[in-house]
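Q: I'd like to ask some things about the structure below.
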Amino acid sequence: MNAQNFITSPVDMGSASVSFIKHFAPSRAVASVTLCVSAIGLFEARLNGQKLGRGVLTPGFTSYRRRTQYVTYDLTPMLLGNNTLSITAAPGWAVGTIGYRDNIHCYAERYAVNAEISILYADGGTQSIVTDDSWTVQTSPIEYSDIYHGETVNLLHKVQELGHAVPDPEAAGYPLIPQQGADITEHERLAPISLFTTPKGERVIDFGQNMTGYVEFRIKAEAGERIVITHAEVLDADGNFYTENYRSAKNLMTYVCDGKENVFKPTFSFQGFRYIRLDEYPNVEVDLSNIRAIAVHSDMRRTGRFSCGNPKINQLYHNTVWGQKSNYLDIPTDCPQRDERLGWTGDAQVFCRTAALNYDVRSFFRKWLGDMRADQLSNGVVLGIIPNTFEYVKDGYSTRISAAWGDAATIIPWELYRAYGDKSFLSDNFDMMTKWVEYQHSAGSEEYLWLGGRHYGDWLAMDAGEDSYVGATANDLIASAFFAHSIDLLVRAGEVLGKDMSQYRELHAKIKAKFREYFMENGMPREEFPLTESVSGKTPVDSVRKGITQTALVLILHFDLCTDEERPALADKLEELIHVYGDLMTTGFVGTPYILHVLNEAGKTELAYKLLLEERSPSWLYSVMHGATTMWEHWNSIKEDGSFWSTAMNSFNHYAYGSVCDWLYGVAAGITATEEDPGYRTFTLSPKPCRALEHVDCTLDTLSGHIESHWYYKGDEVYFEFTVPDGAKAYITLPNGYKETVDGGVYHYTTKA
Ligand code: BGC
């Protein structure tokens, strides 16, 4: 593939699609024919009318100016004597609207395609056909297409010849790489569960599941009749269709029928939704058997399954899996519906351990970490979103340099190494990890601490007042704690790779000492320490934030910023703060992923289960009790009185808090990978049964084989059954303290409850 061969339409068609056409006829018998296609924008390729490959939304979302993927197809089995290759293109992420600021043209002014047909003749001869000005260009029935705003497909469209393609000098410099990520493909086809009329008189279809993808209609209607639909995740308190939380994203589909039986669905757009509203519909009865919601996400192999005897926890787990499906669409997005759908680094790092339990996410993350390396700034900064979509916006807007967001650079490679035992996750990313850590080292106003800066803080935590986006924990403390954690991970990664990490180990010790001196006193976080004004604008400044919060204690314990002697008192203080807050958590994005682990490690497993099983807000089950089918962005996105949090920031499909599932696998079922022998070659089986769950059934397909952990209560006894794959080793620890190291096999135990 040659990056010089990008072509575009001779007429700028804006947000309408065009098709690039090439006729070709092999001159003699062929051995094989392959096609490579790329686009700045999106493409769908067809040979003799037949769609190529299972992938949709190709070639995915990358940092296009640094790496644009191309997709390879084998044309051999479909080849005729005379062939027509048609590549339909659309603006997609690169050229259409992307980012919450109505940005368009983030990566290019116009969409462009690049293709190469490579023919290998039976006699050994070769021929290459590339995109050039011999290709012709036609208009397409897709008269409008945008990721956020939807698509208009007009089957009465009269195709117009636009002339010959022209070279695209802008795209010519965009480096091409073979597709790295998993294909984005269609998955479940959900049937509607109801069609009803809202109090406002809107006709609404409910698919029963919040999801990402699009709706397909099979219909025969009069020529010119239209289907117009909008999408929604929830109904409001009165039962009306609610779209305000989509902000500027229109999610509007318009289909114009031509009198024949047609199948409609978008080609270059997707939506996050559970409901659709029929804004216009042909004059025929709505036949629900011909309407399906198709889930679309990166093609990942399912690896983990968890279920128990508590239907609410099962629903929570289900919601998390759907949160992952909905948000793993080529990049890990924050949410799939509003005018974001961006690769927020903080959300991704929070969830990635859970993600690698539910699915095999190796190629998904290998690709996204490639984008992260490409978009890391020369001073080591990893910004809030990857791909860094705002890099080329003209007013210089940027997401923040934030602790716990940029730390995705160290946490994700390490988590992938833990889950898969593949050192290349560390070696490929070691430079990036080092540069990020060096940036942290240089960022703070005082050596060994990260003081100051503009962070997202303990995002959406509940301890700084009702309408605050950030919690009460001091940014300085969070940032310095993550600085220490990232260095610690860098040291561990370097040692796995056989590098001398003594300098960084020493640095880690100094950071820990300084952290303790600055933020702690007598083994406790200080109530007060000098606070740096960390955030400007409307967001509260650090001077209102504190050192003694649940999140602060969780970070100190989880990142080992204390001595072993100090642990019990810190854990007791955490328990006290949970009680002070009415036996509830106050943690946000930063503290939530670790709080149950910290409690369990401190021997407070009962309290951890109490939080897990809590149904008041803030809790995981609050949303379940309010009918959620995916994880909500806020603990209380819908408040007790039925009102919504705010229209500005209220997604019902935000996976971050779904990170609790790694506790279900790791503690409730007790399956945890070890760092000394990762990829589950050696793992621990240390389940912590709880009567409220009655039983647990958990299976995990790892690269070391199939693992199972089951337990159930019978009277005053608990029965355990474990499967350890051949060739692997497991350290079993039962709740009564019994320990055993076992090799492959099936093992049964009984203990007193
Ligand atoms: C996103 C979050 C993200 C955050 C940064 C939001 O708009 O939806 O999930 O991490 O910005 O704080």
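Q: Spin-label point model (7 Å from Cα, Cβ direction): what's the N522 to R301 distance in nm?
A: 5.6
Q: For the stretch 175-243 and the stretch 281-343, what is the separation of their Cα centres, given in Å?
A: The stretch 175-243 and the stretch 281-343 have Cα centres separated by 12 Å.
Q: In whole angstrom, how long is each semi-axis of the equivalent ellipsoid of the stretch 215-312, when you take the square root of 5 times every eigenvalue of its Cα gyration tensor and sort them from largest down?
A: Listed largest to smallest, the semi-axes of the stretch 215-312 are 29, 19, 14 Å.
Q: What is the spin-label model distance, in nm, from D206 to E466 if the labels are put 7 Å beyond Cα along the C-beta direction?
A: Roughly 2.9 nm, to one decimal.
Q: Same structure again: With a Förster radius of 41 Å, plug the Cβ-Cβ distance of R101 and H695 into 1/(1 + (r/R0)^6) and report the FRET value to the nearest 0.05.
A: 0.25
Q: Quick one: give the max-minus-min coordinate of the C-alpha atoms of the stretch 550-591 along each principal axis, largest first, in Å.
A: For the stretch 550-591, the Cα extents along the three principal axes come out at 28, 21, 8 Å.
Q: One quarter of the convex hull surface, Cα atoms only: what value does that give for the stretch 657-711 in nm²?
A: 4.0
Q: Right, another one. Please calculate how many Å² of accessible area the stretch 109-197 carries per residue, with a 1.4 Å probe and no DNA, RNA or ligand atoms counted.
A: I get 45 Å² per residue for this part.
Q: Taking H as built 1.01 Å from N, whose amide H comes closer than 5 Å to the amide H of D183, not counting residues under 5 places away?
A: D299
Q: Looking at A172, L449, T410, which one has the Cα that reaches farthest to the positive end of the dipole of the chain (charges on Cβ: Lys, Arg +1; Asp, Glu -1)?
A: The one lying farthest along the dipole's positive direction is A172.
Q: When only DSSP loop residues count, what trypsin sites (Lys or Arg not before Pro) in the stretch 240-271 have their Cβ near at most 14 other Cβ atoms within 10 Å?
A: K260
Q: Could you give the length gained on full extension between H748 and T126, defined as 0.36 nm per residue of separation minus the Cα-Cα distance, in nm?
A: 217.7 nm is the gain from fully extending H748 to T126.
Q: Now for a separate question. Divide by every residue of the chain the summed helix terms, -39500 (n - 2.57) for each DSSP H run of at least 4, and state the resulting mean residue ellipticity at 222 nm, rounded to the nearest 500 deg cm²/dmol.
A: It comes out at -7000 deg cm²/dmol, rounded to the nearest 500.
Q: How far apart, in nm, are two points set 7 Å out from the Cα along the Cα-to-Cβ line at Y738 and at A3?
A: With each label point 7 Å from Cα toward Cβ, the separation is 6.2 nm.
Q: From Cα pairs below 8 angstrom and at least 6 apart in sequence, can you work out the relative contact order of the stretch 646-699, rounded to a whole percent?
A: Taking the mean separation of contacting Cα pairs over the length of the stretch 646-699, I get 28 percent.
Q: Could you give the length gained by full extension between H157 and K510, i.e. 0.36 nm per residue of separation minus their alpha carbon distance, to one decimal place?
A: This chain segment gains 120.2 nm when fully extended.
Q: Nearest 5 is fine: what % of DSSP beta bridges in the chain come out antiparallel, could you say?
A: About 90 percent, rounded to the nearest 5.
Q: Give the lysines whose C-alpha is closer than 25 Å to that of K514, dropping any in the same chain fewer than 8 places away, or say none.
A: Output for K514: K435, K546, K573.
Q: Would you kindly state how much longer the chain becomes between L80 and L377 on full extension, computed as 0.36 nm times their sequence separation minus their alpha carbon distance, in nm to one decimal?
A: 102.0 nm
Q: Mind checking the per residue accessible area of the stretch 349-395 for me, 1.4 Å probe, whole number of Å²?
A: That works out to 27 Å² for each residue.
Q: Shifting gears a bit: Considering only protein heavy atoms and a probe of 1.4 Å, how much of the accessible area of the chain is carbon and sulfur, as a whole percent?
A: 48
Q: Skipping prolines and chain starts, which residues have an amide H placed within reach, meaning under 5 Å, of the one on G444, given they are 5 or more residues away or on another chain?
A: So G444 has HN proximity to L451.
Q: Sticking with this structure for a sec: Which cross-chain or sequence-distant (5 or more) residues have an amide H under 5 Å from the amide H of E188, H modelled 1.01 Å from N in plane?
A: The list, which skips near neighbours in sequence, is A295.
Q: Counting each pair of different Cα atoms once, what's the Kirkwood radius of the chain in Å, rounded to one decimal?
A: Computed over Cα pairs of the chain, the Kirkwood hydrodynamic radius comes out at 27.4 Å.
Q: Find the centroid of the Cα atoms in the stretch 152-169 and in the stretch 428-483, then give the distance between the two in whole Å.
A: Cα centres, the stretch 152-169 to the stretch 428-483: 49 Å.
Q: What ³J(HN,Hα) values, in whole Hz, does the Karplus curve 6.51 cos²θ - 1.76 cosθ + 1.60 give for the stretch 710-720 when θ = phi - 60°, with x put for Gly and Pro?
A: 10, 8, 8, 8, 9, x, 9, 10, 10, 9, 10
Q: Any idea what the dipole of the chain comes to, in debye rounded to 20, about its Cα centre with Lys/Arg Cβ at +1 and Asp/Glu Cβ at -1?
A: 1080
Q: Taking the Cα centre of each part, how many Å lie between the stretch 8-58 and the stretch 544-613?
A: Cα centres, the stretch 8-58 to the stretch 544-613: 55 Å.
Q: Can I ask one more? Which whole-Hz couplings ³J(HN,Hα) result when phi for each residue of the stretch 647-654 is put into the Karplus expression 6.51 cos²θ - 1.76 cosθ + 1.60, θ = phi - 60°, listed in order with x for Gly and Pro?
A: 7, 5, 8, 8, 8, 9, 8, 10
Q: What are the ³J(HN,Hα) couplings of the stretch 470-486, residue after residue, when phi is run through the Karplus curve with 6.51, -1.76, 1.60 and θ = phi - 60°? Round to Hz, x for glycine and proline.
A: 10, x, 8, 6, 4, 4, 4, 5, 4, 5, 5, 5, 5, 4, 4, 5, 5
The values are calculated or read from the model by the stated rules, or taken from the named source; none is laboratory data. Just so it is clear, the model here is predicted, and its values are computed rather than measured. In this analysis, Cβ positions are derived from the backbone assuming ideal geometry, glycine residues included, and neighbour counts consider all displayed protein chains. Surface accessibility is based on the protein's heavy atoms, side chains included, excluding ligands, DNA and RNA. Shrake-Rupley method; radii C 1.70, N 1.55, O 1.52, S 1.80 Å.
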